[in-house]
Amino acid sequence: MRDVVLFLHVLLGAAGLLLGPAWLLARRRGRPAVGLATGYQVVVAGVAGSAGVLAVTDPQLGWLLPVAVATEVLAVTGALARRRDWPGWRSWQPHLLGGSYIALVTGVLIAETGHPVAWLLPALVGQLPIALAKRRLHAAEGSTAPAPA
């Protein structure tokens with residue numbers, strides 16, 4: 001059973017790594033990309049769920065449980081921030097969604113290398129795309145603001 005859950009976990013993680021950039025590119029081109037967004041959310045939920053199962057069935061993987069929960073919370077909160085027009089969502093959404101994607105990348109690097117640098121490298125590299133996304137969102141906000149009377 002563990003092998004099936006692990007296979008599903010890896011498959012969903014790979015799908016998330018592909019869907020994240022596809023969603024971002026579609027949004028940058030002005031498309032709503034609802035299908036990609038939904039797919040990403042479903043896949044991240046699956047990754048978090050399978051990580052949770054692996055964590056509770058193998059004591060050595062117990063550390064995965066809080067990481068899985070945090071990843072899912074980041075993804076869902078990031079999607080809701082824009083949809084519900086929360087104050088300051090243009091600043092928060094890139095960090096939240098970017099954080100969920102960074103968690104997926106970190107998981108792959110940790111699983112493949114086990115090197116401690118894998119915990120920091122994705123977060124450091126991810127800061128540039130997050131900053132650029134914030135800049136674009138704030139620029140778009142300024143271009144859609146009503147002209148002063």
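Test of understanding: among Ala45, Ala26, which residue is touching a Leu at 6+ places or on another chain (Cβ under 6 Å) and within 19 Å of Arg83 (Cα to Cα)? Unique residue meeting the criteria: Ala26. Would you be able to tell me the number of residues in region 77-102 that are closer than 16 Å to Leu12 by Cβ and open to solvent by 30 Å² or more (accessible area, probe 1.4 Å)? Residues flagged as closer than 16 Å to Leu12 by Cβ and open to solvent by 30 Å² or more (accessible area, probe 1.4 Å) within region 77-102 amount to 1.
Residues in region 41-61 that are open to solvent by less than 80 Å² (accessible area, probe 1.4 Å) and either modelled with pLDDT under 90 or within 18 Å of the chain's Cα centre (by Cα) (or both): Gln41, Val43, Val44, Ala45, Gly46, Val47, Ala48, Gly49, Ser50, Ala51, Gly52, Leu61. Cβ-Cβ distances below 8 Å connect the following pairs, each with a first residue in region 108-125 that is more than 20 Å from Leu12 (Cβ to Cβ), a second residue that is surrounded by 11 or more Cβ atoms within 10 Å (Cβ to Cβ), and a separation of six or more residues or different chains: His115/Leu109; Trp119/Thr106; Trp119/Ile110; Leu121/Leu109; Ala123/Ile102; Ala123/Thr106. For region 130-141, a residue qualifies if it is without any contact (Cβ under 8 Å) to a residue 60 or more places away in the chain and open to solvent by 50 Å² or more (accessible area, probe 1.4 Å), and the qualifying residues are Ala131, Leu132, Lys134, Arg135, His138, Ala139, Glu141. Filtered by the rule that a residue be open to solvent by 80 Å² or more (accessible area, probe 1.4 Å) and touching a residue at least 40 places away in the same chain (Cβ under 8 Å), region 25-40 gives a lone residue, Arg28.
The residues of region 103-116 that are hydroxyl-bearing (Ser, Thr, Tyr) and open to solvent by 40 Å² or more (accessible area, probe 1.4 Å) amount to a single one, Thr113.
The values are calculated or read from the model by the stated rules, or taken from the named source; none is laboratory data. Note that the structure is a prediction, hence the values are computed from the model and not measured. Here the Cβ is made from the backbone with ideal geometry for all residues, glycine too, and neighbour counts use every protein chain on show. Quick note on the areas: whole protein, heavy atoms, side chains included, nothing else; ligands and nucleic acids left out. Shrake-Rupley method; radii C 1.70, N 1.55, O 1.52, S 1.80 Å.
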